[in-house]
Structure formats: structure tokens, C-alpha cells
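Report on one structure; see the data block that follows.
The values are calculated or read from the model by the stated rules, or taken from the named source; none is laboratory data. Please read these numbers as outputs of a predicted model, since none were measured by experiment. Cβ: placed from backbone, ideal geometry, glycine included. Neighbour counts: every protein chain shown. Just the protein is used for accessible areas: all its heavy atoms, side chains included, with ligands, DNA and RNA removed. Shrake-Rupley method; radii C 1.70, N 1.55, O 1.52, S 1.80 Å.
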Amino acid sequence: MRLTRRSTFAVALTAGLPGFASAQQSGQVVVGTWGGDYGDLLASNIDKPILAPKGVEVVQDVGPQDPRKTKLIAERASRRGSMDVCCLSDVDMFTLAQQGVFEPIEEGRIPNLARAIPSLKRPYSAPHIYSAKVILYNPAKVTAAPQSYADLWDPKYRGRVGLVDILHLQNMEAASLAAGGTEHDYEPGKRKLMELRSLDAKVYPSNEALAAALKSEEVWLTIMWLARGFMWKKSGIPVEHAVPSEGATSICFEMSVPKNARNRTGAMAYLDAALDARAQTAFADRMGYAPTVTDAQLPPELARQISLTQEQQAKLRTPDYEYIAKNQVALIDFWNKEFKR
């Protein structure tokens with residue numbers, strides 16, 4: 001897609017017009033993001049209602065996460081990059097931040113960041129939406145709700161536990177917690193996963209394949225994000241969720257501004273709009289991801305389905321990003337060459 005990057009912002013900058021301050025937030029902002037529901041919700045709740053009236057034209061550069069990461073790395077030495085805003089998951093955002101590709105994030109440039117949940121704030125990104133890793137189960141087959149990750153290792157569920165391949169790191173962390181370990185060391189989880197393999201656990205190549213297995217009752221339990229469980233339940237898949245006693249782990253989808261963004265001021269305005277309580281509530285209602293800001297008020301029934309209680313929130317775990325970054329290759333090797341073989 002060819003992008004045109006001339007704007008009133010550039011004219012005001014060179015001419016020194018009185019309207020320069022407001023023009024700084026105008027112009028075109030290119031957002032590297034996912035398509036589907038996520039891209040649609042960005043357009044209908046951020047791009048058009050909040051930014052368009054300010055003169056900001058948002059162009060979505062839609063694609064999978066890995067090519068977006070590759071593009072950022074390839075362009076980091078360029079004076080001008082192709083993205084003003086980059087959307088990534090928390091683990092990938094941390095890995096790229098270590099390579100110095102992002103602008104620092106400061107509350108002075110993003111006013112709504114002051115209302116973000118403190119544990120979700122990073123110096124290099126704004127937390128857009130988040131959820132928690134929980135146990136999903138079929139209540140018709142699992143009549144007593146699971147209390148712990150360790151319950152998935154009960155022999156009575158032989159052949160009825162399903163895992164999705166793309167959550168290999170999250171599955172390994174859950175196995176480590178089930179073994180009495182922590183999110184800082186997955187070694188206990190390796191041994192625990194091999195035990196689960198001996199109980200005929202199934203591995204599915206995609207979330208869609210796992211959803212089909214849950215719907216057909218081929219499997220009864222899985223480890224998954226609460227938000228996805230919410231969407232699956234809305235679509236008729238028979239699942240409830242249980243927050244593990246070991247403590248749920250967060251997943252946060254974040255937004256950053258590359259240092260070589262062409263419209264950095266407009267990009268910061270985009271991050272601020274993404275944290276607007278109205279946009280946050282819309283994402284929660286449609287996708288089941290909880291707001292990352294404290295002023296977004298959800299209807300009680302929706303909050304019950306997608307949020308953690310105060311006690312569960314207090315036990316919420318954050319992934320150990322440094323551990324994952326240092327050990328990711330070896331962890332993936334174990335998953336592919338030992339657990340899945």
C-alpha cells in the first residue's frame with residue numbers, strides 16, 4: 001500500500017504559523033497492527049471518533065506480528081521508518097525495546113497514561129489492553145471447577161487436556177507453577193510437561209483448532225487467556241474459566257513509538273487516545289480484554305466475566321521478560337524437540 005505523508009503539520013512547522021501547537025497532533029499516523037476484530041475496533045473507537053476530529057489521518061499497516069518485528073529491526077538505522085505506532089505483545093515489545101528502537105514513554109506526552117494500572121506500565125510502551133491466563137473447562141464434563149494448574153495433571157483427565165502450540169512459553173510457565181516453581185525458571189515445568197505428555201495431552205496448531213476441539217468435546221480443559229475464553233463462550237463453545245490458585249499471569253498488548261517515526265507527536269496522541277476510557281470499554285465489550293486504565297467503568301456483568309477479583313488481582317503475575325528473552329531459543333527447542341515429538 002502506498003502511503004502519502006504530506007500534512008498540514010509539515011506546513012505549519014516550516015511556516016511558523018500560530019496554529020502550530022494544535023497542528024502538531026495532525027497529519028498522518030501509520031499504525032503497524034493486526035487486522036480482524038482488533039483492527040476494526042481501532043478504527044471504530046480510536047481512529048475515527050477521537051483522532052479524525054483532531055485532523056489525524058490514521059493508516060493501518062496490517063500484518064502478522066513477526067514481519068512487523070522484522071521491519072522494525074531492518075529500519076532502525078533509517079532516518080525515517082515506515083511506522084509511527086507499533087502494536088506488539090508484551091514479550092515481543094520487551095525484546096525489541098532492548099535493542100533501543102523505541103521512544104521513551106512519558107506521562108507528560110501521554111496524559112491518559114497517568115490513569116494506567118501501575119503494574120502494566122513500561123518505560124518504552126503504553127499498555128493498551130490486557131487479560132489473564134486462566135484454566136478454561138467444560139462444566140458439563142468437569143463438574144468441580146479446577147482450583148489449580150496442577151488439577152490438569154489429574155489422571156481422570158487423561159486425553160482430555162488440550163494445549164495450543166502458539167502458547168508454548170505460557171504453557172511452560174503454567175507447568176512450572178504447577179510443579180511448585182515460579183515464572184523466573186521454567187526448568188521444573190519441563191519435567192511437569194513430560195508428565196502431562198504421558199497423560200496423552202493433545203497439542204493443537206492454532207487457537208481455532210483448539211476451539212473446535214473444545215466445541216466437539218474432544219478435550220475438556222485447556223490453559224488460555226480469559227479474554228479468548230470470553231469470546232469462545234459468546235460464540236457457543238461450552239467453557240467456563242477458573243483462576244488458578246498459583247496466581248494468573250498477565251498478557252498485555254502494548255503500543256510503542258519507534259525512534260524514527262515520521263510523526264512522533266501524532267503517534268503520542270494516538271497512544272493517548274488508545275487509553276481513553278471510551279475506547280477501552282469498547283474493546284472490553286467486544287473482545288473481552290480488560291481495560292488498562294482505572295477510569296474505564298464496565299457494566300457489572302461484563303466485569304464479572306472478564307476481570308479478576310481484588311484478591312486475584314493482588315496475586316497477578318507478570319511474565320519474567322528478561323528470563324524469556326535469554327532462554328527463548330532453548331525453551332522453544334525443548335517444546336518442539338522433546339515435548340511435541
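Here are the numbers for this structure:
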item: Zone residues, region 163-185, relative to residue 191, backbone N less than 20 Å from point 7 Å out along Cα-to-Cβ; result: 171-185
item: Region 132-139 - phi-based ³J(HN,Hα) in whole Hz, Karplus 6.51/-1.76/1.60, Gly and Pro as x; result: 10, 7, 10, 9, 9, 8, 8, x
item: Mean-position separation - Cα centroids, region 228-280 and region 25-80, in angstrom; result: 15 Å
item: Scattering curve values for region 115-212, log₁₀ I(q)/I(0), Debye with Cα scatterers, q = 0.17, 0.20 Å⁻¹; result: -0.86, -1.08
item: Cross-link reach list, lysines versus residue 156, counting only Cα pairs under 18 Å and skipping chain neighbours closer than eight places; result: 141, 192, 202
item: Mean Cα-pair separation over length for region 256-341, i.e. relative contact order, pairs under 8 Å, 6 or more apart, %; result: 15 percent
item: Solution diffusion estimate, µm²/s, Stokes-Einstein, the chain, Kirkwood Rh from C-alpha pairs, 20 °C, viscosity 1.002 mPa s; result: 101 µm²/s
item: Residues with amide H under 5 Å from that of residue 105, placed H, sequence gap 5 or more; result: 124, 125
item: Full-stretch length increase - residue 209, residue 285 - with 0.36 nm per residue and alpha-carbon distance subtracted; result: 24.9 nm
item: Candidates 84, 92, 320: whichever shows maximal mean-square fluctuation once the chain is modelled as a Gaussian network with Cα springs under 10 Å; result: 320
item: Derived scalar couplings ³J(HN,Hα) [region 78-92; Karplus, 6.51 cos²θ - 1.76 cosθ + 1.60; whole Hz; x for Gly, Pro]; result: 7, 5, 10, x, 8, 10, 9, 10, 10, 9, 8, 6, 4, 5, 5
item: Integer Hz, Karplus 6.51/-1.76/1.60 couplings in order for region 230-240, x for Gly and Pro; result: 4, 5, 4, 4, 4, 8, x, 7, x, 9, 10
item: D_trans [Stokes-Einstein, Kirkwood Rh over alpha-carbon pairs] for region 246-341, 25 °C, 0.890 mPa s, µm² s⁻¹; result: 148 µm²/s
item: Reduced Cα scattering model of region 148-304, Debye log10 I(q)/I(0), q = 0.09, 0.10 Å⁻¹; result: -0.38, -0.47
item: Crossing angle, helix 321-334 versus the chain [Cα axis fit, 0-90 degrees, rounded to tens]; result: 50 degrees
item: For residue 61, residues with placed amide H under 5 Å, excluding near neighbours; result: 31, 32, 33
item: Volume per residue of the C-alpha convex hull in region 267-319, rounded to whole Å³; result: 105 Å³
item: Simple spin-label estimate for residue 62 and residue 140 in nanometres, 7 Å along Cα-Cβ; result: 3.5 nm
item: Of all DSSP beta bridges in the chain, antiparallel share, percent nearest 5; result: 60 percent
item: Between 0 and 90°, nearest 10: helix 264-274 axis offset from the chain longest Cα axis; result: 50 degrees
item: Under 5 Å, built H, 5+ apart or other chain: amide partners of residue 148; result: 245
item: For region 242-282: accessible area per residue (Å², 1.4 Å); result: 23 Å²
item: Calculated FRET efficiency for the pair residue 154/residue 332, C-beta based, R₀ 30 Å, to 0.05; result: 0.60
item: Inter-label distance for residue 77 and residue 341, nm, one decimal - labels placed 7 Å from Cα along Cα-to-Cβ; result: 3.9 nm
item: Estimated 222 nm signal from helices in the chain, with DSSP H stretches of n ≥ 4 weighted -39500 (n - 2.57), rounded to 500; result: -10500 deg cm²/dmol
